[in-house]
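Engineer: The structure is given below, and queries will be raised subsequently.
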2 protein chains.
Amino acid sequence: MNTVVVGGGVIGLATAWRAARQGVSVTVIDPTPAGRTSHVSGGMLPAVNEQLYGRENLRNLCLASRELYPTFVAELEEFAPAGFRRDGVLDVAFDEDALSSLDRQRSFQESLGIRTERLTPEECAELQPAFAPTVGGLLSPDEGAVDPRILNAALLTALDALGGTVVRKRAVRVEDHTVVLDDGDTVAFDRLVLAAGCWTHQIEGFPEHAVPEIRPVKGQILRLHSDPPLVGLATRALSKGRSLLLVPRPTGELVVGSTYEERGYDETATAAGTHDLLTRAAEVVPGVGTLRFAEISAGLRPASPDELPVIGPSTVPDVHLATGHFRMGVQLAPVTAVAMAAFLTDTAPPTQVLPFSPLRFS
Amino acid sequence: MNTVVVGGGVIGLATAWRAARQGVSVTVIDPTPAGRTSHVSGGMLPAVNEQLYGRENLRNLCLASRELYPTFVAELEEFAPAGFRRDGVLDVAFDEDALSSLDRQRSFQESLGIRTERLTPEECAELQPAFAPTVGGLLSPDEGAVDPRILNAALLTALDALGGTVVRKRAVRVEDHTVVLDDGDTVAFDRLVLAAGCWTHQIEGFPEHAVPEIRPVKGQILRLHSDPPLVGLATRALSKGRSLLLVPRPTGELVVGSTYEERGYDETATAAGTHDLLTRAAEVVPGVGTLRFAEISAGLRPASPDELPVIGPSTVPDVHLATGHFRMGVQLAPVTAVAMAAFLTDTAPPTQVLPFSPLRFS
């Protein structure tokens with residue numbers, strides 16, 4: 001069985017690796033593997049967020065992926081380091097509204113059996129002395145983050161080690177179990193996975209409605225650097241109804257994200273996006289100004305029509321979808337990849353993916 | 001006569017090229033030619049600025065370099081484009097204090113025979129529609145800017161074409177008409193030019209006081225990008241007692257500079273520097289937020305003890321200095337290079353450089 005995966009972001013690469021691991025012959029097609037949205041992502045792995053309230057299926061999917069992450073990483077690290085850490089995620093509140101939302105989050109997490117610890121302003125200050133004064137916080141000691149750049153590199157290494165192939169070209173259309181590339185070359189497949197994020201529905205050759213339109217939602221993200229690191233824990237800072245993510249890396253990198261912009265296929269990192277993130281970062285961490293400016297970049301989050309992931313067989317025989325992960329691609333990569341490998345080997349996928357079938361759009 | 005120039009910034013490269021042009025055998029030593037301060041510089045070429053008031057010698061030096069620029073560029077462009085334009089420099093005022101300083105500048109320029117045109121707020125708006133409302137402006141139609149990256153590349157090309165050599169290593173010390181490099185290699189010279197900016201006095205082997213200490217003054221500079229360009233003319237925006245330089249390039253690049261920081265040998269581009277320049281740019285050009293963020297970088301301006309250039313023979317036989325150009329390296333490159341080539345060929349330099357002899361520090 002020759003399987004082709006169109007799209008070499010974290011979802012496509014993780015799917016390809018898990019399939020290769022189960023003996024499937026895999027080819028990934030992407031002009032810049034691990035080079036777009038997955039390269040820009042901050043990689044924070046919170047237990048829950050407000051997007052999960054009242055969305056039981058998505059919550060179950062997230063919890064399944066959270067459960068799978070350590071094993072997924074351990075198996076991947078047989079090939080290369082994955083950049084995963086589970087040393088806690090901190091939520092800090094800078095106003096009373098934010099504090100209320102932390103209380104709600106705490107109840108929600110505890111109802112799911114996820115450990116949390118309510119912190120006083122003094123405890124927040126002790127834990128993160130670089131922060132501006134908070135009104136309180138929430139520590140989730142079993143959560144963490146992954147460095148998507150390290151994770152993607154590990155996936156490419158692992159895929160290569162298992163005999164998988166990466167074709168660095170753009171897939172233009174599909175006809176008769178064949179993918180046609182932008183230079184006219186073709187790659188035949190028995191089974192196909194479309195995992196090209198917000199570019200998925202641009203691949204031609206499918207009947208109408210078989211592939212839902214995936215809307216790009218731009219996010220700009222900032223990378224600063226200091227040695228030693230200024231911030232220790234992956235943090236979500238809540239203030240004025242907005243949240244800012246701060247993801248420190250052991251290297252001294254501090255990822256600050258992100259903006260949320262509806263601008264079509266525009267991947268431009270702008271002056272305004274940079275200014276906004278720098279301003280908000282300085283509100284949370286007043287000393288951030290001395291940090292080295294390392295990078296500003298923008299990625300396009302893939303949003304399906306209902307803004308939920310699209311995972312599984314499509315209405316087109318032998319064509320599967322794995323896209324629409326919106327803000328949760330890195331977070332949902334393990335469960336998506338395990339599920340896709342199951343579909344590709346005709347075994348049973350984790351039941352949590354079943355509500356996310358592409359068939360809901362037909 | 002074998003001449004060695006230590007330092008491959010705009011001053012060292014221009015000196016080397018002019019000397020090579022006059023038949024001198026030249027070797028430039030620099031681990032990263034055209035890679036430090038000269039690479040970061042904005043390249044604005046204003047007729048005058050407030051630093052020239054009451055400093056007749058510096059004013060004469062600037063005017064001499066201004067006079068030389070077109071010929072210098074024309075001769076350089078026999079080898080490669082130099083990125084020079086003289087399509088006008090605009091000064092705009094955002095408050096009454098700034099407007100007074102423009103009036104003073106106008107009188108000063110006119111006393112020197114440099115054309116200026118006083119602009120109303122309406123005329124400023126017509127000339128630069130992207131600007132926030134001003135209280136008035138000054139157009140100097142005969143001034144302009146140069147792209148230092150293009151200029152430096154042209155100098156390297158021209159030097160190479162004339163048989164000059166560039167050794168990409170660091171000069172550590174000088175002994176017995178020999179420069180010792182960081183890998184232990186040596187380069188012999190008949191005559192030596194030290195043109196290593198704020199690193200000049202770090203080269204060992206000279207008697208005390210022969211080489212003045214050159215203080216680094218950090219400047220951070222921002223590069224944005226749009227197509228088409230948002231700003232047409234090189235502009236100095238005066239507001240709240242500060243000035244912001246905006247230098248547009250034909251490519252759509254918009255250089256915004258710069259900070260002024262006394263931080264020793266620290267070339268870090270910081271979050272705070274970036275934030276400051278973005279904030280000030282948005283005050284002058286409200287629509288700047290949509291521009292692509294292309295680069296933030298930092299350079300070290302070389303300031304001599306009296307903050308004036310140091311040009312000519314030193315107290316050490318066969319050792320010349322060409323450094324200390326502070327904020328005016330790109331502006332003063334032609335006159336400095338022409339003078340240095342004269343010194344190296346035992347001909348008469350432009351008289352305007354004579355007050356800048358290194359001997360004033362002995």
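Engineer: Give me the residue from the stretch B:245-255 that is under 17 Å from the mean Cα position of the chain (by Cα) and of a type in the set (Val, Ile, Thr) and, out of that set, nearest to the other protein chains (Cβ to nearest Cβ).
Structural biologist: Checking each candidate, the answer is B:Val255.
Engineer: Please go through the stretch A:86-98 and pick out each residue that is over 14 Å from A:Glu50 (Cβ atoms) and hydrophobic (A, V, I, L, M, F, W, C).
Structural biologist: Within the stretch A:86-98, A:Val89, A:Leu90, A:Val92, A:Phe94 meet the criteria.
Engineer: Could you tell me whether B:Glu50 is over 12 Å from the mean Cα position of the chain (by Cα), surrounded by fewer than 17 Cβ atoms within 10 Å (Cβ to Cβ) and without any contact (Cβ under 8 Å) to a residue 12 or more places away in the chain?
Structural biologist: no
Engineer: Which residues, counting only those in the stretch A:339-362, are open to solvent by 20 Å² or more (accessible area, probe 1.4 Å) and either part of a helix (DSSP H, G or I) or closer than 18 Å to A:Arg66 by Cα (or both)?
Structural biologist: A:Phe343, A:Pro349, A:Pro350, A:Thr351, A:Gln352, A:Leu354, A:Pro355, A:Leu359, A:Arg360, A:Phe361
Engineer: Hey, another quick one. Does A:Val211 count as among the β-branched types (Val, Ile, Thr), at pLDDT 95 or above and either within 22 Å of the chain's Cα centre (by Cα) or more than 22 Å from A:Thr32 (Cα to Cα) (or both)?
Structural biologist: It is true that A:Val211 is among the β-branched types (Val, Ile, Thr), at pLDDT 95 or above and either within 22 Å of the chain's Cα centre (by Cα) or more than 22 Å from A:Thr32 (Cα to Cα) (or both).
Engineer: Could you check, for the stretch A:40-47, whether at least one of its residues is open to solvent by less than 10 Å² (accessible area, probe 1.4 Å) and of a type in the set (A, V, I, L, M)?
Structural biologist: yes
Engineer: Would you confirm whether any residue within the stretch A:250-257 is at positive phi, open to solvent by 10 Å² or more (accessible area, probe 1.4 Å) and in contact with a Pro (Cβ under 8 Å, 6 or more places away or on another chain)?
Structural biologist: Within the stretch A:250-257 (the criterion being at positive phi, open to solvent by 10 Å² or more (accessible area, probe 1.4 Å) and in contact with a Pro (Cβ under 8 Å, 6 or more places away or on another chain)), the answer is no, since none of the residues qualifies.
Engineer: Turning to a different aspect of this structure: Which one of A:Gln202, A:Gln220 is within 16 Å of the chain's Cα centre (by Cα) and among the polar types (S, T, N, Q)?
Structural biologist: A:Gln220
Engineer: If you go through the stretch A:68-100, how many residues are open to solvent by less than 30 Å² (accessible area, probe 1.4 Å) and either free of Cβ contacts under 8 Å to residues at least 60 places away in the same chain or not charged (D, E, K, R) (or both)?
Structural biologist: Here the count works out to 14.
Here's the yes/no breakdown for (1) more than 30 Å from A:Glu283 (Cβ to Cβ); (2) small (Gly, Ala, Ser); (3) within 15 Å of the chain's Cα centre (by Cα):
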{"position": "A:Ala20", "(1), (2), (3)": "yes, yes, no"}
{"position": "A:Leu61", "(1), (2), (3)": "yes, no, yes"}
{"position": "A:Leu102", "(1), (2), (3)": "no, no, no"}
{"position": "A:Leu112", "(1), (2), (3)": "yes, no, no"}
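Engineer: Scan the stretch A:271-294 for residues that are polar (S, T, N, Q) and in contact (Cβ under 8 Å) with a residue 12 or more places away in the chain and jot them down.
Structural biologist: A:Thr274, A:Thr290, listed by residue number.
Engineer: Would you please name the residue that is farthest from the chain's Cα centre (by Cα), looking only at residues in the stretch A:338-355 that are within 19 Å of A:Phe189 (Cα to Cα) and in contact (Cβ under 8 Å) with a residue 60 or more places away in the chain?
Structural biologist: A:Thr345
Engineer: Okay, next question. I need the strands (runs of 3 or more DSSP E) fully contained in the stretch B:256-338, keeping only those with at least 2 residues that are within 14 Å of chain A (Cβ to nearest Cβ).
Structural biologist: Counting at least 2 such residues, we get B:292-303.
Engineer: Next up: Kindly indicate the residue of the stretch A:271-300 that is farther than 17 Å from B:Ala269 by Cα and in contact with a Gly (Cβ under 6 Å, 6 or more places away or on another chain) and also surrounded by the most Cβ atoms within 10 Å (Cβ to Cβ) among those meeting that condition.
Structural biologist: A:Gly299
Engineer: Okay, next question. Show me the strands (runs of 3 or more DSSP E) entirely contained within the stretch B:121-192 in which 1 or more residues are open to solvent by 10 Å² or more (accessible area, probe 1.4 Å) and in contact with an Asp or Glu (Cβ under 6 Å, 6 or more places away or on another chain).
Structural biologist: In the stretch B:121-192, B:136-140, B:171-174 are the strands (runs of 3 or more DSSP E) which contain 1 or more residues that are open to solvent by 10 Å² or more (accessible area, probe 1.4 Å) and in contact with an Asp or Glu (Cβ under 6 Å, 6 or more places away or on another chain).
Engineer: Consider A:Val231 against the criteria (1) under 22 Å from A:Gly88 (Cα atoms); (2) open to solvent by less than 50 Å² (accessible area, probe 1.4 Å); (3) assigned to a strand (DSSP E or B): it satisfies all of them except one. Which criterion is unmet?
Structural biologist: (3)
The values are calculated or read from the model by the stated rules, or taken from the named source; none is laboratory data. Keep in mind the model is a prediction, meaning the values are calculated, not measured. A quick note on method: Cβ atoms are made from the backbone with ideal geometry, for glycine too, and the neighbour counts reach across all protein chains shown. Side chains are part of the model used for accessible areas, which takes the heavy atoms of the whole protein and leaves out ligands, DNA and RNA. Shrake-Rupley method; radii C 1.70, N 1.55, O 1.52, S 1.80 Å.
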